[in-house]
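S.K.: I have a structure I would like to understand better, so I am pasting it below and will then ask my questions one at a time.
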Amino acid sequence: MRGCGSCWTGLTVSVGEAAAALVAALNGAGVRWYVFGAQAVMMQGIARTTQDIDVTVLVGRRAAPALTAALEGGGFEHRFPERATELVSIAAVIPMKHSASGVDIDIVMGGSGLEELAHAAAERRPLDGVIVPVANATHLAVMKVLAGRAKDLDDVRGLLAADVVDRAAARDLLGQLEAALDQSDLVPAFDRLVVP
């Protein structure tokens, strides 16, 4: 997937350079993390365009300032410096950018549940030549159904068409999430995407 990761709509960027800096900063800080989102979908062999890297980190909210400091020391900067203190204090999504390559990085603060499961089952795959932990296809499909946006559902269709999703495991996990979230639309949404 090196070609997909290094040429987006005519722009020349080094996803590998940003990924290498992420590995150094996050592993150096002892953080548990994984890549998800469009880059993870691309690493499953699905054609997709993106201009950022989405990363889930499993640290407590109190650790957000230390995490941000480790990223800043590793060559990352806040995309919205005027709101950096506020965004770090909220500790939900911290939008950053790799200074040298210009690649945007969205740092999502994960919690227990699905994020822990995804981390435990993460696969080590190359992202533009750099080995990173990445959510597996089944967990990606579940995350995308949860997000529910049109582009996310298109990603699920692509993953299903590539036959890389454990459909029974995805349905089971979505059923558990329905019970936990007291909703009943996740399994039917997944089933509508499954082409017999």
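The values are calculated or read from the model by the stated rules, or taken from the named source; none is laboratory data. All values derive from a computational prediction rather than experimental measurement. Don't worry about glycine lacking a Cβ; one is built from the backbone with ideal geometry, like all the others, and counts go over all protein chains shown.
S.K.: If a residue counts only when it is among the polar types (S, T, N, Q), which helices (runs of 4 or more DSSP H) contained entirely in the range 67-157 have at least 1 such residues?
M.R.: Values: elements: 84-90, 114-120, 137-147.
Of the helices (runs of 4 or more DSSP H) lying wholly inside the range 67-157, those with at least 1 residues that are among the polar types (S, T, N, Q) span 84-90, 137-147.
S.K.: While we're looking at this one, here's another question. Scan the range 49-61 and give yes if some residue there is surrounded by fewer than 18 Cβ atoms within 10 Å (Cβ to Cβ) and in a helix (DSSP H, G or I), otherwise no.
M.R.: Taking every residue of the range 49-61 in turn, at least one turns out to be surrounded by fewer than 18 Cβ atoms within 10 Å (Cβ to Cβ) and in a helix (DSSP H, G or I).
S.K.: Turning to a different aspect of this structure: Only one residue in VAL103, VAL88, VAL93, VAL23 is surrounded by 16 or more Cβ atoms within 10 Å (Cβ to Cβ) and closer than 30 Å to ALA180 by Cβ. Which one? Quick ask: steps written out before the conclusion?
M.R.: On the way: VAL103 fails: closer than 30 Å to ALA180 by Cβ; VAL93 fails: surrounded by 16 or more Cβ atoms within 10 Å (Cβ to Cβ); VAL23 fails: closer than 30 Å to ALA180 by Cβ.
None of the other options fit; the residue is VAL88.
S.K.: Which of the residues spanning the range 138-187 are surrounded by fewer than 17 Cβ atoms within 10 Å (Cβ to Cβ), closer than 13 Å to ARG48 by Cβ and among the acidic types (Asp, Glu)?
M.R.: ASP154
S.K.: Among the numbered criteria (1) surrounded by 15 or more Cβ atoms within 10 Å (Cβ to Cβ); (2) modelled with pLDDT under 95; (3) in contact with a strand residue (DSSP E or B) (Cβ under 6 Å, 6 or more places away or on another chain), which one does LEU114 miss?
M.R.: (3)
S.K.: Output the residues belonging to the range 158-170 that are assigned to a helix (DSSP H, G or I) and more than 15 Å from ALA40 (Cα to Cα).
M.R.: Of the residues in the range 158-170, the ones assigned to a helix (DSSP H, G or I) are 158-161, 167-170.
Listed by number, the residues that qualify are ALA161, ARG167, ALA168, ALA169, ALA170.
S.K.: Does any residue of the range 86-105 turn out to be farther than 15 Å from GLN51 by Cα, in the same structural domain as ALA25 (by TED's automatic domain parsing), charged (D, E, K, R) and in contact with a Ser or Thr (Cβ under 9 Å, 6 or more places away or on another chain)?
M.R.: No, there is no match, as no residue in the range 86-105 is farther than 15 Å from GLN51 by Cα, in the same structural domain as ALA25 (by TED's automatic domain parsing), charged (D, E, K, R) and in contact with a Ser or Thr (Cβ under 9 Å, 6 or more places away or on another chain).
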